[in-house]
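Down below is the structure, laid out as structure tokens.
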Amino acid sequence: MNEREGIRLMEYLDGRLTPAERVEVEAWLARDAEARDAAEQHRRVWALLGEALPAPQVAASEDFRRAAIARADADTGPRPLLLRPASLIAAALLLAVSIWAYRSAHDRAGLDAADRDVVAHLGMLEHWDFLTAHGDDLDVAIQSELIRHLAGEMPRAGSGR
């Protein structure tokens, strides 16, 4: 008997097969002496274990049974996704971000080309303002470093920047 047949036999003996599967296994047992011996051996082992270590008698109390039935009756199942608080918060946040992104893009679209250039190069303008305001107080090395930095931010001809 191979492992698969052994598992099938255990499922039969434990009562875990459908009626159709039980008929198949019973036909197999009728024609295979080795399988019958294995089944009988399994039954004897379980009988001996049952005598040596009887299973405790456990049953649910009537209060537990009533409470479980009441909980099952009260359970309406999972709430629809759109009615869960986390989903509502996520949807509101997504809506707010979408409106902000649309308005932001719309506001930028209303700028003329010169204003868009100013907005695109605000960092460079801030550095330039700092340099012109404090240039006399700065060391020559710092001034040259700022100018090199500004040169890196300046748009190049034909770059569209």
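Just a few scattered comments:
- Per-residue HN-Hα couplings for region 33-49 [Karplus 6.51, -1.76, 1.60; θ = phi - 60°; Hz; x = Gly/Pro]: 5, 4, 5, 4, 4, 4, 5, 5, 4, 4, 4, 5, 4, 5, 5, 5, 5
- For the peptides 87-93, 8-14, 47-53, 24-30, the ranking by packing is 8-14, 24-30, 87-93, 47-53, with the highest mean count of neighbouring Cβ atoms within 10 Å listed first.
- Table column - 3J(HN,Hα) (Hz), region 13-27, Karplus curve with 6.51, -1.76, 1.60, x for Gly and Pro: 5, 8, x, 9, 9, 6, x, 5, 5, 5, 4, 4, 5, 5, 5
- Net charge of Cβ neighbours under 10 Å - reference M1; Lys, Arg +1; Asp, Glu -1: -3
- Built amide H within the under 5 Å cut-off of L138, gap 5+: none
- Residues of region 5-32 with an amide N closer than 18 Å to a point placed 7 Å from the Cα of A52 along the Cα-to-Cβ direction: none.
Where a number appears in this text, it was derived from the coordinates with a stated rule and is not lab data. Model, not experiment: these values are computed from the prediction. Every residue, glycine among them, receives a Cβ derived from its backbone with ideal geometry; neighbour counts consider all protein chains shown.
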